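Colleague: Structure in structure tokens, see below.
Nothing in this text is a laboratory measurement; each read-out follows from the coordinates by a stated rule. None of these values were measured; they are calculated from a predicted model. Here the Cβ is made from the backbone with ideal geometry for all residues, glycine too, and neighbour counts use every protein chain on show.
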Amino acid sequence: MNDKKFTGNAKILIVIFTGLMVLTFSQWKGKAQNVARPIETEISFPIEINKKEVNFNLKPLGIRKFRVVLDQKQIQLTDIKVFDILGNLILQDKIKPEDGLQKNFDFSHTKSKLFVVEIGNSKYNKTKSIYAHPQGDREVSPLIQEQKNTRE
């Protein structure tokens, strides 16, 4: 008999609690959803979206010397990375818009004659390689040069 009475009291409490919750949340609903936001009238994109692909050529100038020639003048900074044949980063540089279309590099201090050049911006990168040892030019070791000088 107590079980039935307790179950009846529990049902009444549940109905009262549910009714109070419905009333409480119905009053908050309008306030919680009312957030003022400005209306968007423009669409904005990141600057990187409009960057163009960087096209370039490499021209040998002498033993371990070459020139980077851009096809078009760039509006923003252009990144340059030069690697040796083993993949070691030798130089990391930038071409500024005011630098023009060409930039010369001299790697006489390195032993490598084959270089990999990566040029690009934040969106595109292009990689080319150059054998910086023009035809007809011979690199003579100091020992051979000394022997030639003593013969003459």
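Colleague: Take the Cβ-Cβ distance between Lys126 and Glu98 as r, set R0 to 25 Å, and report the resulting FRET efficiency rounded to the nearest 0.05.
Modeller: On the way: r = 22 Å, r/R0 = 0.88.
That gives a FRET efficiency of 0.70.
Colleague: Can you tell me how much longer the chain between Lys113 and Ile14 gets when fully stretched, taken as 0.36 nm per residue apart minus their C-alpha distance, in nm with one decimal?
Modeller: Details: separation 99, 0.36 × 99 = 35.64 nm, distance 8.58 nm.
Answer, rounded to one decimal: 27.1 nm.
Colleague: Using a Förster radius of 41 Å, what is the FRET efficiency between Ala36 and Asp79 based on their Cβ-Cβ separation? Nearest 0.05, please.
Modeller: Numbers: r = 44 Å, r/R0 = 1.06.
The computed FRET efficiency comes out at 0.40.
Colleague: Rounded to the nearest 0.05, what FRET efficiency do Leu89 and Ser44 give with R0 = 35 Å and r taken as the Cβ-Cβ distance? Could you check? Can you show the working numbers first?
Modeller: Working: r = 35 Å, r/R0 = 1.01.
Efficiency for this residue pair is about 0.50.
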